[in-house]
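See below for the structure under consideration.
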């Protein structure tokens, strides 16, 4: 099983490298001139491949691997056709979106990808139910599956609007934010939390607290969608529910942090120093995300947040790169799936440095837009950050390809 999970993770990391390279092209076109590519089409291909080729591929792989260890038998043979199909549809979406944008082929690949991830969810749910001992992590995995399927409503709605060339911009935004919310704050977040809980649920008598944390986040997820559309006219009752959802997530996060601090010694054993700094950075990024989310409940500030593109992009990258991607890299390290060599160490550090620089530049760009002051070379610096991330990922991929003896 070790070689199988290594191979699938190598594919996922290679996909992340491809995503990073496309990011360089997108940043180059903004900073300089590159008439050979259509920015909008490439951006669509970039985002869809990032979701399917990286996040879906790596999460599915890790979920299968973790559950294989739970039940004590190899499950990759059972799921391999779903992993292959996800990979094919991811590549298909990348090519189709780059060539035609939203069209017959791109929508077809996107639809197959959604159906495939839903089937994975159903099969994995059934496998979870077969276990005699229902662990706390199972709650997170099941919620992730439900929210992933729920997010498809936004994707199908957006495809419908694209095909029928709707002129209502609000409908576009409602569909886009619906899909993004239940992907980022649903499928992505609950999956990585489930992976994290698998590592800590046996460190002490914390079962009840872990259930409280889960239900605080789970009950807040659906109303938290409205945080993305505060620019619309929201009834006061819904607005109060939004604030409670944002506060509930903060409370859940504080309870989790207190557990980690209280069991610091055991946590240090579970997560080695080699992975601890990555998980710590992911925790800091998520704390910032929750703070910004709570901050955005102030109506005047929400208008700023969703009115300036750099702020929106920065917020999405904070979750995608700062929380999810860094956590996954840290989790893979803590699991000891790959031997930690100099190439992986250097590459990971460089990649994280690129993420930090990217987030800082996006934050400054957002402030520029708000106060109407331009700072020279911001697009060029973002281009440099993209190159740094790519070089870092190149070394990570090189290190992961080295012969493993475990």
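Throughout, read-outs are computed from the coordinates displayed, never taken from laboratory work. The shown structure was predicted, so the numbers you read here are calculated from the model rather than taken from an experiment. Virtual Cβ from ideal backbone geometry, glycine too; neighbours counted across all protein chains shown.
Values computed for the structure shown
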item: The stretch 180-287, relative contact order in percent, only Cα pairs under 8 angstrom and at least six apart counted; result: 32 percent
item: Rounded, prolate or oblate (a/c below 1.5 giving rounded, otherwise prolate when a/b exceeds b/c) for the stretch 134-278 by Cα gyration tensor; result: prolate
item: The stretch 1-132: relative contact order as a whole-number percent, Cα under 8 Å and 6+ apart; result: 27 percent
item: The stretch 1-132: C-alpha gyration tensor shape, a/c 1.5 cut-off, then a/b vs b/c; result: prolate
item: Alpha-carbon centroid distance for the pair the stretch 7-56 / the stretch 317-365, whole angstrom; result: 17 Å
item: Theoretical gain in end-to-end length, residue 212 to residue 391 [0.36 nm per residue, Cα-Cα removed]; result: 60.3 nm
item: Extended-chain gain in nm, criterion 0.36 nm per residue less alpha-carbon gap, residue 3 and residue 268; result: 92.7 nm
item: Part-to-part distance (alpha-carbon centres) for the stretch 236-256 and the stretch 160-212, which is given in Å; result: 15 Å
item: Packing-based ranking, highest mean first, of 379-386, 36-43, 141-148 given that Cβ atoms within 10 Å are counted; result: 141-148, 379-386, 36-43
item: Protection-proxy order for peptides 154-164, 61-71, each taking the mean of Cβ atoms within 10 Å per residue, highest first; result: 61-71, 154-164
item: Over the chain: helical MRE at 222 nm, DSSP H runs n ≥ 4 each giving -39500 (n - 2.57), nearest 500; result: -26500 deg cm²/dmol
item: Relative contact order (%) - criterion: Cα under 8 Å, at least six apart; region: the chain; result: 17 percent
item: Mean Cβ neighbour count within 10 Å, used as a protection proxy, ranking 220-226, 189-195, 269-275 highest first; result: 189-195, 220-226, 269-275
